[in-house]
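The values are calculated or read from the model by the stated rules, or taken from the named source; none is laboratory data. If you're wondering where the values come from, they're calculated on a predicted model, not measured in any experiment. Quick reminder, even Gly has a Cβ in these numbers, built from the backbone with ideal geometry, and neighbours come from all protein chains shown. Protein only, heavy atoms only, side chains kept; ligands, DNA and RNA dropped before computing areas. Shrake-Rupley method; radii C 1.70, N 1.55, O 1.52, S 1.80 Å.
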Amino acid sequence: MNSAALNVNPPTIKGLGGRLIREGILTPDQARDAANDARATGTPLIRYLIDVLDVDSRALAQLASAEFGVPVFDLDALNREMLPEAQIDTELMAKHHAVPLFRRGNRLFVALSDPMNLSALDEFKFAAGINTDAVLVDDKALTKLISDLGEAANDFESDMASMGADGEYNLEIGQGDSEEDDEQRNTADDTPIVRFVNKVLLDAIKQGASDIHFEPYEKDYRVRFRTDGILREIVKPPRTLAPRLAARLKVMSQMDISERRIPQDGRIQMKLSKKRAIDFRVNTLPTMYGEKIVLRILDPTSAQMGIDALGYEAEQQALYLEALEKPQGMILVTGPTGSGKTVSLYTGLGILNEPERNISTAEDPVEINMPGINQVLVNPKVGLNFAEALRSFLRQDPDVIMVGEIRDLETAEIGIKAAQTGHLVLSTVHTNSAAETVTRLLNMGVPAFNIAASVTLIIAQRLARRLCAHCAEPESSVPREALLELGFSAAQIEVGQIKRPVGCAQCKDGYKGRIGIYEVVKITKPLAAAIMDGANSLELHQAAREAGFADLRQSALRKCAEGLISIEEVSRVTTD
């Protein structure tokens, strides 16, 4: 048999080339030549088909999806703010023509136009430390996305280079800089470290984080953001950078970089523009393997959202506004750290902040700067504690007084006396419910009759993750009996819109943003009588329910029935 006879029936072309032949897009010769030329030039076959043979990229993506069983994702629907920034590496993306799109559990989904690009999946798997799955996309859209992300990275590098000059972003390191401060700043002025820290701070602001954690361990180092109340790991820089990262943050916060044995507190201000600045409250804590540093992000605009945006029920909001309108009395806001007490207080102060009122606050620290309000930073080291600040306020002809926290009997007594002598007093107490707030004051030693006569309103609150409006689905997997056992009423189950989180490109794990859950209790005459009679917290709780004031659980169930939060969030932030 001669060689010519061997070529009468050429081998069948398989894979994507074969499908293109069957669809009539390419002839067998074109498919064979394209595969050979792409291999010879080192060009991915799909890129060759688009660039050289002018095959439509969208049609090619659909054919590749059908051939390899990989779903097609429309990049036009992508919310770029939700990309997993910890895995965004512009060099790796350009090298493999691939982009990490999102992370679900322990899997990273990577956008590819060539589903056979296994080396890309392997490299992203190695870089991220988790398994990877391919998501097929239009090649032209992918090329544009990689180009845009590369330009954004270059712009960011330019911003970092101009940081501290007169560019768009300008970090200010507090006030009263001295030669000693300059010397310390130079000690920590390692350009890669400076850029890394600045990028972390800006990313945290962009993602709406409330806290940033820089954490050293024995063999690694991690940075986490608290977003919507949940901590998430963002990046793991080399462990060897721990001392330089700590030094940089301490210099920015005007701390003593030579002191590593005791905790320190400081503050950073970042000016995003001429009109907007973000403050960071910084605390260091010596651990076994270095200093853990936590930054609380304090955005002044959070106090300007308005009371309507906080999540109060209509009747709860009316009670708060009614208490604010009174010329005297005490409003107490209670809840754990991170429950939104500061925003509730400052929202009230914003409503009261008018030219005819003299408002003074004593805070530790001053979290949000508000023009028109006299804010005092207490300093126990020099004898300026909450009680001393309150005494001074009473000699300053105040109308409204805000005390950051009632921690002891002396502060409580002065605040209550102020509330009884023609002043409106706002403050916080660390308790779990409105009833426990009264018990806490009694345990401090405040007489029951003083509490009954001065406290007008108690607000207990929590922050719950809000369901994403784009992807939340009706909850159908929980039986009616289980819902009733959780506390839902029959009416809420029948006509409510109980939903569950799903997750999409617009959110994180099915949640986006947070909403307040409140227990707002007005001290009515029956409740004041119960306090005077020495009722305990359980009895006061029951009396408040009988008076028609919803507790935290009931408020959370209402928001769940309205489709705003999930059943899981009800259980996470409240108890039966």
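Listed values, structure above:
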read-out: Where GLU413 falls short, out of the listed (1) out of contact with any strand residue (DSSP E or B) (no Cβ under 7 Å at 6 or more places or on another chain); (2) of a type in the set (D, E, K, R); (3) at pLDDT 90 or above; (4) more than 24 Å from PHE449 (Cβ to Cβ); value: (4)
read-out: Residues (open to solvent by 60 Å² or more (accessible area, probe 1.4 Å), in a helix (DSSP H, G or I) and among the hydrophobic types (A, V, I, L, M, F, W, C)) located in segment 353-397; value: VAL382, LEU394
read-out: Filtered residue count, segment 176-201, keeping only those that are over 15 Å from PRO243 (Cα atoms) and either at pLDDT 90 or above or among the β-branched types (Val, Ile, Thr) (or both); value: 2
read-out: Cβ-Cβ under 7 Å pairs, at least 6 apart or on other chains, segment 315-332 side under 25 Å from LEU390 (Cβ atoms), far side open to solvent by 60 Å² or more (accessible area, probe 1.4 Å) and not polar (S, T, N, Q); value: LEU324/ILE351
read-out: Single residue of segment 402-425 satisfying the filter (open to solvent by 30 Å² or more (accessible area, probe 1.4 Å) and in a helix (DSSP H, G or I)) that is farthest from LEU441 (Cα to Cα); value: GLN420
read-out: Unique match (being modelled with pLDDT of 75 or more, farther than 30 Å from PRO238 by Cβ, of a type outside the set (A, V, I, L, M, F, W, C) and part of a helix (DSSP H, G or I)) among ARG32, ARG47; value: ARG32
read-out: Test for GLU473: is it open to solvent by 20 Å² or more (accessible area, probe 1.4 Å), of a type in the set (Asp, Glu) and farther than 25 Å from TYR518 by Cβ; value: yes
read-out: Selection count where residues are modelled with pLDDT of 85 or more, among the hydrophobic types (A, V, I, L, M, F, W, C) and surrounded by 13 or more Cβ atoms within 10 Å (Cβ to Cβ), scope segment 295-317; value: 3
read-out: Residues satisfying the stated conditions in segment 442-462, i.e. surrounded by fewer than 24 Cβ atoms within 10 Å (Cβ to Cβ) and touching a residue at least 24 places away in the same chain (Cβ under 8 Å); value: MET444, GLY445, VAL446, ALA448, PHE449, ASN450, ILE451, ALA452, ALA453, SER454, THR456, LEU457
read-out: Output for segment 198-222, where each listed residue is more than 25 Å from THR342 (Cα to Cα) and either buried (at least 21 other Cβ atoms within 10 Å of the Cβ) or within 22 Å of the chain's Cα centre (by Cα) (or both); value: ASN198, LYS199, GLU215, PRO216, TYR221, ARG222
read-out: Cβ-Cβ under 6 Å pairs, at least 6 apart or on other chains, segment 529-548 side under 16 Å from ASN450 (Cα atoms), far side part of a helix (DSSP H, G or I) and among the β-branched types (Val, Ile, Thr); value: ILE531/VAL438; ILE531/ILE451
read-out: Cβ-Cβ under 6 Å pairs, at least 6 apart or on other chains, segment 269-283 side at pLDDT 80 or above, far side in a loop (DSSP other than H, G, I, E, B) and open to solvent by less than 20 Å² (accessible area, probe 1.4 Å); value: VAL282/SER253
read-out: Failed condition for GLU568, given (1) in a loop (DSSP other than H, G, I, E, B); (2) open to solvent by 40 Å² or more (accessible area, probe 1.4 Å); value: (1)
read-out: Filter result (among the β-branched types (Val, Ile, Thr) and either assigned to a strand (DSSP E or B) or in contact with a Gly (Cβ under 7 Å, 6 or more places away or on another chain) (or both)) within segment 436-483; value: VAL455, THR456, ILE458, ILE459
read-out: LEU324 farther than 18 Å from PHE393 by Cα, aliphatic (A, V, I, L, M), in a helix (DSSP H, G or I) and open to solvent by 10 Å² or more (accessible area, probe 1.4 Å); value: no
read-out: Check on LEU241, closer than 21 Å to ASP89 by Cβ and in contact with a strand residue (DSSP E or B) (Cβ under 7 Å, 6 or more places away or on another chain); value: yes
read-out: Every pair of residues 6+ apart whose Cβ atoms lie under 8 Å, when the first sits in segment 68-89 and is modelled with pLDDT of 70 or more while the second is basic (Lys, Arg) and surrounded by 15 or more Cβ atoms within 10 Å (Cβ to Cβ); value: MET82/LYS508; PRO84/ARG103
read-out: Flag for ALA204 being hydrophobic (A, V, I, L, M, F, W, C) and either modelled with pLDDT under 85 or assigned to a loop (DSSP other than H, G, I, E, B) (or both); value: no
read-out: Members of segment 487-510 that are surrounded by fewer than 18 Cβ atoms within 10 Å (Cβ to Cβ) and either in a helix (DSSP H, G or I) or of a type in the set (Phe, Trp, Tyr) (or both); value: ALA490, ALA491, ILE493, GLU494, VAL495
read-out: Verdict on ARG267 being of a type in the set (D, E, K, R), more than 13 Å from GLY290 (Cβ to Cβ) and not in a helix (DSSP H, G or I); value: yes
read-out: Any hit, segment 536-546, residues being among the hydroxyl-bearing types (Ser, Thr, Tyr), open to solvent by 20 Å² or more (accessible area, probe 1.4 Å), assigned to a helix (DSSP H, G or I) and closer than 27 Å to ASN443 by Cα; value: yes
read-out: Qualifying residue in segment 241-252 (condition: under 19 Å from VAL194 (Cβ atoms), open to solvent by 70 Å² or more (accessible area, probe 1.4 Å), in a helix (DSSP H, G or I) and at pLDDT below 85); value: no
